Amino acid sequence: MIRNEEVPVSARVLQWRCVESKVDSERLHYGRFAISPFRSGQANTVGIAVRRALLGGVEGTCITRAKSEKVTHEYSTILGIQESVRDILINLKEIVLKSKSNSCETQKAFLSIFGPKEVTARDIVFPPSVEVIDTTQYIATLTKAIHLDIELKIEKDCGYPTQDSIKSADGYFSVDAVFTPIRNANYSVHSFENKNETQEILFIEIWTNGSVTPKEALYEASRSLIDLFIPFLHAEKEEVMHGLGNKNESNTLHFSSSPSENKMEKEMTFKHIFIDQLELPARAYNCPKRVDVHTISDLLSYSQDDLMKIKNFGKKSVEQVLEALQKRFSIKLPKNKLYFH
């Protein structure tokens with residue numbers, strides 16, 4: 001039983017906490033979270049949405065294609081290698097990766113080994129921005145003194161995209177990648193009485209593959225849901241001029257003409273829009289995050305001079321941020337003031 005009797009119902013806000021966290025292995029992390037208090041019926045609605053966002057909206061990094069000059073067909077075998085090409089592709093699929101970059105550009109990795117040797121993920125040379133979660137993942141066994149050279153392509157995406165297994169024109173074979181880092185997600189709803197009112201607490205359980213923590217996964221899923229609903233909160237108010245409205249324009253952020261209402265709408269909106277919406281390059285994105293700039297509202301507390309003082313945040317990155325703010329939200333940061341008009 002949860003008791004919040006000292007707090008008036010009208011003044012209560014949703015709060016969440018992690019009630020259990022454990023690491024069973026490098027590739028299995030678990031977290032259980034409690035969110036309350038909900039009114040009757042609300043917890044189930046939120047639980048369904050968050051679970052679906054977890055399973056389909058959290059990004060992961062995977063090997064998606066592989067190429068070797070010696071291979072002509074997916075089901076062929078190579079003399080001196082214990083596994084078939086198909087088996088090697090399946091083993092490559094099992095490698096769990098974590099990308100430290102915000103960029104979605106395709107990256108390359110290389111495997112160049114001389115046998116006899118048991119080949120694992122530790123033997124692959126990855127770009128600096130990619131980390132292997134479990135370096136012991138088995139790939140193949142070279143039974144003779146031969147070379148094995150494989151070029152790999154790494155991508156960042158969501159969900160379970162299907163791949164055509166046929167060899168592509170550039171010589172790559174597709175790896176049936178599973179991008180989602182979420183191994184499982186469940187939720188449950190429990191009711192409790194508070195001052196003769198039935199309220200609910202939502203429990204969310206998350207299992208990940210180790211490339212993200214359950215807490216990070218919950219954050220990403222929540223952010224994706226917020227991004228979906230922002231257009232509904234600030235749909236463009238149709239303006240009719242001379243009896244005709246321009247109905248062809250897209251729903252972008254427009255604010256009321258009243259100065260006080262305008263300011264309130266801006267403050268509310270920008271607190272819920274993450275800087276991911278600016279689609280910045282990796283450096284321009286990561287440096288603000290390191291100083292806890294996560295939303296547009298956080299960013300607007302900085303001037304241009306303030307941004308220049310952030311460690312490793314150069315002039316070019318500042319210019320990219322300014323350009324993105326102007327293009328996306330028609331905002332111009334002041335040169336040396338901590339407020340905007």
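Nothing in this text is a laboratory measurement; each read-out follows from the coordinates by a stated rule. Everything numeric here is computed off the predicted structure, so don't read it as measured data. Cβ placement follows ideal geometry from the backbone for every residue including glycine, while neighbour counts extend to all protein chains displayed.
Overview of values
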read-out: Rounded to whole Hz, the Karplus (6.51, -1.76, 1.60) HN-Hα couplings of region 98-108, x for glycine and proline; value: 10, 9, 8, 9, 7, 6, 9, 5, 5, 10, 10
read-out: Nearest-20 debye value, region 39-132 charge dipole, Cβ charges on Lys, Arg, Asp, Glu; value: 400
read-out: Trypsin sites (Lys or Arg not before Pro) restricted to region 79-126 and DSSP loop, no more than 12 other C-beta within 10 Å; value: K100
read-out: Mean-position separation - Cα centroids, region 12-82 and region 283-300, in angstrom; value: 25
read-out: Stretchable slack from K327 to K311, in nm (0.36 nm times residue separation minus alpha-carbon distance); value: 3.2 nm
read-out: ³J(HN,Hα) computed for each position of region 210-218 - Karplus, 6.51 cos²θ - 1.76 cosθ + 1.60, integer Hz, glycine/proline x; value: x, 6, 9, 7, x, 5, 5, 5, 5
read-out: Cα shape, region 60-174, gyration tensor, a/c 1.5 rule; value: oblate
read-out: Potential extension, S191-S103 segment - 0.36 nm per residue separation minus Cα distance; value: 27.4 nm
read-out: Per-pair calculated FRET efficiency, R0 = 35 Å: H73 and A145 via Cβ, rounded to 0.05; value: 0.90
read-out: Net charge, L142 excluded, C-beta distance under 14 Å - Lys, Arg +1, Asp, Glu -1; value: -2
read-out: Cross-link table K156/K335; K271/K315; K67/K215; K22/K67, entries beyond 28 Å C-alpha to C-alpha; value: K156/K335; K67/K215; K22/K67
read-out: Distance violations [Cα-Cα > 19 Å] among K289/K311; K98/K327; K289/K316; K100/K327; K70/K144; value: K98/K327; K100/K327
